[in-house]
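I have placed the structure first, in the form of C-alpha cells, so that the comments after it can refer back to it.
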Amino acid sequence: MKPTFSRRRFVKTGVLSSVAWGAGITRTAEAGNRPASVPAAEADPFRIAVFDMDATPPIGSQLTYGPMINSWDLSLRARGIVLAGAGKPIVLCAIDWIGIANESLAVFKGALAAAADTTPERVTVHTLHQHDAPICDFEAERVMQQLGVSPHCFESYFARTFLDKLARRVKESLGHMQPVTHIGVGKAPVYQVASNRRIVKNGRVGEMRATACKNAALRAEPEGLIDPDVTLLSFWNKQAPIAVLTFYATHPQSYYLTGIANPDFPGMARSFRQMAVPDALHVHFNGAGGNIGAGKYNDGAHENRLILAQRLADGMERAWNARRLFPVSGADLTWNVVPVHLPVSESFVKEVESRFKSPTGPYFYANNVSQVIWAKKQMAGATTDIACLGVGQARVLFMFGELFVEYQLAAKALRPDLAVSMAAYGEYGPLYIGTGEAYGQGGYEIGASPVTAEAESVLMAAMTQLLKG
C-alpha cells in the first residue's frame with residue numbers, strides 16, 4: 001500500500017494512518033559519519049552564542065526578480081545561534097533571502113562550519129523566502145554564463161563577499177558565549193494571516209489563491225488546511241533570555257516586485273518582538289509554507305503589510321507569554337542528520353531544460369535553472385540532508401524546499417508529547433515539494449515541482465526516524 005496524505009482523514013483524526021514509512025533512507029547518523037547525540041557523561045557545559053548582520057545588497061544589485069533600486073527602513077538580516085555542549089558546535093542560521101541552492105548552500109555551510117570549528121553536517125542555513133530579496137546559486141550562475149546570457153539574479157559577487165563577513169561574524173560570536181540553564185517552549189495561534197493557496201474542487205486544484213489575491217470569490221473560500229500555530233523555542237541563562245527562535249508556516253509576501261529590498265511582514269513582526277524583548281536575539285524561521293499564503297486576508301493593498309505583521313507579532317507575543325521553562329544541560333542537546341534521496345521527473349527536467357535558450361526573461365531563470373541543477377543531481381544519486389535539533393522537551397526539524405504544510409502537521413502528530421517545530425526553505429533547489437495526494441490534484445505548485453509523488457514516503461520515513469528513532 002502506497003502511503004499517502006488524505007486531507008479528509010488527516011483533518012478528522014489529527015494523525016496519519018499507521019503505515020510503515022521505510023522507503024528512501026540511504027543512511028542514518030552513524031558514529032564517525034553523521035554526529036549523533038553525545039552521552040551525558042561526555043556532554044560539555046551547555047553554551048550559546050548569537051550573531052546578527054545586515055544581509056541587504058547595495059543599490060544596483062540584482063534581486064530575484066529585477067534590479068534593486070532602493071532599500072527599505074528595515075534591512076534584510078542574517079541571524080542565528082551557535083550551540084555548544086554536545087560534541088562539536090551546532091550552527092543555526094536564518095537569512096532574509098528568497099533561497100540558497102545547490103553549490104551555494106554547500107559553500108555557505110562549509111564557511112560557517114569553519115568559522116565555528118565544526119563540520120558542515122552540524123550547520124543549517126535557511127531562508128525566509130521574501131521575494132524582494134536576493135537568490136543565491138553559484139552553479140546557476142555558471143550555467144547561464146555557459147549559455148551566453150547574463151547571470152541576472154545569480155550574479156554572485158555580493159553573495160560571496162556577504163558570506164565572508166557572515167563567517168567572520170559567526171567566529172567573533174564564539175568569544176561571547178553564555179551558559180544555557182533553561183529553555184522555554186511556547187505556542188499560540190496566529191489569527192487571519194495564513195490560508196491554503198490550493199482550493200480543491202472535484203479532486204482538482206483550479207486557480208491559485210495567491211499570497212496577494214485580488215479575486216474576491218477566492219478570498220471568500222474557507223481558510224483551508226493550515227498550521228495555525230507559531231511555535232517558540234527560547235534559550236535562557238537563569239532569568240535572562242538570550243535568544244528566541246520562532247517558527248510559522250506561510251509564504252511571507254504582502255506585495256512585491258517593488259525593486260526595494262525588504263523583509264516583508266515576517267521581518268516586521270520579528271522587529272516588533274525584538275523591541276519588546278531587546279535583550280534576546282529574535283531569530284525567525286519560515287515553516288512548511290509551500291502551499292500556504294496570506295491570500296484570504298490580503299488583496300495586495302500596501303497597508304496590509306503592517307496589518308499582517310501586527311497579527312503575526314501578536315501570535316509571537318502570546319507564544320512568548322505562554323512559554324514553559326525547563327532546566328537543561330549539555331546532556332539534553334542532540335543533533336541528528338538523515339540524508340534523503342528524492343525521486344524526480346526526468347520528463348520535467350528535459351522539458352524545462354529545453355527552454356533554457358529561449359526563456360521568457362529573468363523570471364524564468366530564477367525559478368527553473370536551480371531546479372534543473374538540483375534534479376539532475378538527484379537523478380545521479382545525490383542526497384539532501386534533513387536534521388533534527390533536540391533540546392530537552394523541544395524538537396526542531398530542519399527541512400528543505402517549499403514543503404507543503406501537511407508535512408509540518410504530520411511531524412507534530414508524530415510526537416504530541418514534545419514541542420515540535422519545523423523550518424523549511426533549507427536547500428532551495430527543488431522548490432515545491434507536495435504530498436502524494438497533491439500530485440494527482442495538479443495546481444501551480446505541482447506544475448512547478450520536479451519531484452514526484454513518491455517523495456512523500458521518503459520524507460515521512462526520515463521525519464519518523466528523526467523524531468522517533
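The values are calculated or read from the model by the stated rules, or taken from the named source; none is laboratory data. The structure displayed is predicted, hence computed values, not measured ones. Here Cβ is always computed from backbone atoms with ideal geometry, including for glycine, and neighbour counts include all displayed protein chains. What goes into the accessible areas is simple: the full protein's heavy atoms, side chains included, and nothing from ligands, DNA or RNA. Shrake-Rupley method; radii C 1.70, N 1.55, O 1.52, S 1.80 Å.
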Conditions first: (1) open to solvent by 40 Å² or more (accessible area, probe 1.4 Å); (2) under 28 Å from Q130 (Cβ atoms); (3) modelled with pLDDT of 95 or more. I48 passes all but one, so which condition is the exception?
(1)
Number of positions in the range 67-79 that are crowded, with 21+ Cβ neighbours inside 10 Å and either in a loop (DSSP other than H, G, I, E, B) or on the phi > 0 side of the Ramachandran plot (or both)
2
I need the helices (runs of 4 or more DSSP H) fully contained in the range 347-458, keeping only those with at least 3 residues that are open to solvent by less than 20 Å² (accessible area, probe 1.4 Å).
362-379, 405-414
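A quick yes/no check of all residues on (1) among the hydrophobic types (A, V, I, L, M, F, W, C); (2) touching a Gly at 6+ places or on another chain (Cβ under 6 Å); (3) free of Cβ contacts under 8 Å to residues at least 24 places away in the same chain:
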site	(1), (2), (3)
H129	no, no, no
I135	yes, yes, no
A140	yes, no, no
L163	yes, no, no
K171	no, no, no
Q178	no, no, no
T181	no, no, no
K187	no, no, no
Any idea which residue in the range 315-331 is surrounded by the fewest Cβ atoms within 10 Å (Cβ to Cβ), counting only those that are in contact with a helix residue (DSSP H, G or I) (Cβ under 9 Å, 6 or more places away or on another chain) and not in a strand (DSSP E or B)?
S329
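Mind counting the residues in the range 146-187 that are assigned to a helix (DSSP H, G or I) and surrounded by 15 or more Cβ atoms within 10 Å (Cβ to Cβ)?
14
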Extreme residue, most open to solvent (accessible area, probe 1.4 Å), among residues of the range 80-122 that are of a type in the set (G, A, S) and under 17 Å from the mean Cα position of the chain (by Cα):
A106
Please specify each residue of the range 290-314 satisfying the condition of being assigned to a helix (DSSP H, G or I) and touching a Phe, Trp or Tyr at 6+ places or on another chain (Cβ under 7 Å).
R305, L308, A309, R311, L312, A313
Residues located in the range 246-289, provided they are assigned to a loop (DSSP other than H, G, I, E, B), out of contact with any Pro (no Cβ under 9 Å at 6 or more places or on another chain) and open to solvent by 10 Å² or more (accessible area, probe 1.4 Å)
Y255, Y256, L257, T258, P278
